[in-house]
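Structure first, commentary second.
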Amino acid sequence: MKSTRLGTCKCYECRKPFTVKIGAIFEESHVVMYLWLQAIMLVAASKKGINVNQLHRDLGVTLKTAWFMVHRIRLAMGGDSGELKGLGGAIVEADET
């Protein structure tokens, strides 16, 4: 990989530039990464889920941005496809620490 500009890498096979956001929930988003990480932490840490209005107040983003972020985070965390999320189909266990 060779960098073409700051934060962008160039694929040797297809010669197209890409970033680390490609293929993730952050793709095509202008929200800065630290806000995404704070939002993921707040959604994951709340036992009953977090309201979009609460995220809007906590992060200081617009209501539309908060809805967009929560929607993408919930899609990423959801297991509606039926396949397990662990490496090699293994069960992932996590505790509160």
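When only Cα pairs below 8 angstrom with a gap of at least 6 residues are kept, segment 2-54 shows a relative contact order of 16 percent.
Placing a pseudo-label 7 Å from each Cα along the Cα-to-Cβ vector at R74 and A94 gives an inter-label distance of 1.8 nm.
When the solvent-accessible area of segment 1-62 is split by element, carbon and sulfur atoms take up 58 percent of it, the probe being 1.4 Å. For E27 and T62, the difference between the fully extended length at 0.36 nm per residue and the C-alpha to C-alpha distance is 10.7 nm. Applying both filters, DSSP loop and at most 16 other Cβ atoms within 10 Å, to the trypsin sites (Lys or Arg not before Pro) of segment 1-69 gives R15, K21, K47, K48.
The values are calculated or read from the model by the stated rules, or taken from the named source; none is laboratory data. Keep in mind that this is a model prediction, so the values were computed, not measured. When we count neighbours, we look across all protein chains shown, and the Cβ atoms used for this are built from the backbone with ideal geometry, even at glycine. These area figures cover heavy atoms from the full protein model, side chains too; ligands, DNA and RNA do not enter into them. Shrake-Rupley method; radii C 1.70, N 1.55, O 1.52, S 1.80 Å.
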